[in-house]
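The structure under discussion appears below in the form of structure tokens.
The values are calculated or read from the model by the stated rules, or taken from the named source; none is laboratory data. As the structure is a prediction and not an experimental result, all values here were calculated from the model. With ideal geometry, Cβ positions are generated from the backbone for all residues, glycine too; neighbour counts draw on all protein chains shown. SASA here: full protein model, heavy atoms, side chains in, ligands and nucleic acids out. Shrake-Rupley method; radii C 1.70, N 1.55, O 1.52, S 1.80 Å.
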Amino acid sequence: ANGVNMLGDVHGGAGEQCAELYFDISARMDTGATLEDAVQGGLDDWRAQNGKIVSGFGHRFHKPVDPRAPRLMALVRAAAQTGTVSGRYAEIGEAVQANLSARKPLAMNIDGATAVIFCELGFPAPLSRGLFCLSRSVGILSHAWEQMQQGGRNKGPMPPAYLPKYDKV
């Protein structure tokens, strides 16, 4: 529960915020804006509302590139080639990255790449946070199971009375 309860706007919510940006840019394109103009307008509005940090780009630990993002983007591009997805949001994500990198290199991170995937699949932006929670929950479950199999306890508070019950599972 602690692993999921720690999720918020910074960790877990970035994909939702990035998907909102991508959908905004797409809507601008639907009204006739070029990709470049839609990206610039979307980023200008983003910064006016949220500040200079753009969710889905840059990573405090993975510098200069979050290695997970290029692999996911390659999968999206392959899916677009077969017609499984349109590829529109991959283009938008890559155009945002190019715009942000015009002054200083800033790579898409895992949240930017998963936002591309969720947008390509047609998920509304608010579901991005829930999908992040789903994947995080699987990882937490795996970690908990591993700890129980080793006879240890999970990180975080666990009453000692629980341990004997799990030893037989």
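For the reader, a short list of remarks on this structure follows.
- Filter pass, Gly3 being modelled with pLDDT under 95 and either under 17 Å from the mean Cα position of the chain (by Cα) or closer than 19 Å to Glu120 by Cα (or both): yes
Conditions tested, residue by residue: (1) assigned to a helix (DSSP H, G or I); (2) modelled with pLDDT of 75 or more; (3) open to solvent by 70 Å² or more (accessible area, probe 1.4 Å); (4) of a type in the set (Asp, Glu).
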| position | (1), (2), (3), (4) |
| --- | --- |
| Gly130 | yes, yes, no, no |
| Gly139 | yes, yes, no, no |
| Ala144 | yes, yes, no, no |
| Gln147 | yes, yes, no, no |
| Gly151 | no, yes, no, no |
| Gly156 | no, no, no, no |
| Pro159 | no, no, no, no |
| Leu163 | yes, no, no, no |
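- Within segment 18-29, residues that are under 14 Å from Gly56 (Cα atoms) and of a type in the set (Asp, Glu) have Cβ atoms under 9 Å from residues that are in a helix (DSSP H, G or I) and open to solvent by less than 10 Å² (accessible area, probe 1.4 Å) in these pairs: Glu20/Ala115; Glu20/Ser128, counting only partners at least 6 apart in sequence or on another chain.
- The condition of being modelled with pLDDT of 85 or more, among the aliphatic types (A, V, I, L, M) and under 13 Å from the mean Cα position of the chain (by Cα) does not hold for Leu134.
- Total residues in segment 40-85 satisfying the condition of being part of a loop (DSSP other than H, G, I, E, B), closer than 16 Å to Ala113 by Cα, among the β-branched types (Val, Ile, Thr) and touching an Asp or Glu at 6+ places or on another chain (Cβ under 9 Å): the figure is 1.
- Extreme residue, farthest from the chain's Cα centre (by Cα), among residues of segment 66-120 that are of a type in the set (Asp, Glu) and open to solvent by less than 30 Å² (accessible area, probe 1.4 Å): Glu120
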